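The values are calculated or read from the model by the stated rules, or taken from the named source; none is laboratory data. Quick caveat: nothing in here was measured; it's all calculated off a predicted structure. Positions of Cβ are backbone-derived with ideal geometry, glycine not excepted, and every protein chain shown enters the neighbour counts. With ligands, DNA and RNA removed, areas are computed over all heavy atoms of the protein, side chains included. Shrake-Rupley method; radii C 1.70, N 1.55, O 1.52, S 1.80 Å.
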Amino acid sequence: MAYRDRTNTKKADPFDYCFLEVQLKKKGKVSEKPDQVRLVTVDNQLETIIFVRNNLDACIDNIAMVRRTETVQNG
């Protein structure tokens, strides 16, 4: 189980969450399908935003894996 200390209230702005728009596409190609866009909700703590920015490739890999799993489940 993971735990984070939330006593640090440094936020990027007054909102509690922000959205990241991730467009899945093959390198060098424009996405033709609107379902290739994913919105990811991230809490607005500076620590989280910095983590996501520093680990964006891993985050995108996870989103792509979820998409592949959805494709397999839906046939």
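A quick yes/no check of all residues on (1) among the hydrophobic types (A, V, I, L, M, F, W, C); (2) modelled with pLDDT under 75; (3) in contact with a strand residue (DSSP E or B) (Cβ under 7 Å, 6 or more places away or on another chain); (4) assigned to a strand (DSSP E or B):
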{"site": "Ala2", "(1), (2), (3), (4)": "yes, yes, no, no"}
{"site": "Phe15", "(1), (2), (3), (4)": "yes, no, no, no"}
{"site": "Phe19", "(1), (2), (3), (4)": "yes, no, yes, yes"}
{"site": "Gly28", "(1), (2), (3), (4)": "no, yes, no, no"}
{"site": "Arg38", "(1), (2), (3), (4)": "no, no, yes, yes"}
{"site": "Ile49", "(1), (2), (3), (4)": "yes, no, yes, no"}
{"site": "Met65", "(1), (2), (3), (4)": "yes, no, no, no"}
{"site": "Thr69", "(1), (2), (3), (4)": "no, no, no, no"}
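Considering (1) among the small types (Gly, Ala, Ser); (2) at pLDDT 85 or above; (3) open to solvent by 60 Å² or more (accessible area, probe 1.4 Å), the lone condition that Ala58 does not fulfil carries the number (3).
Condition check for Thr9 on (1) modelled with pLDDT under 75; (2) open to solvent by 100 Å² or more (accessible area, probe 1.4 Å); (3) closer than 30 Å to Thr71 by Cα: one failure, at (3).
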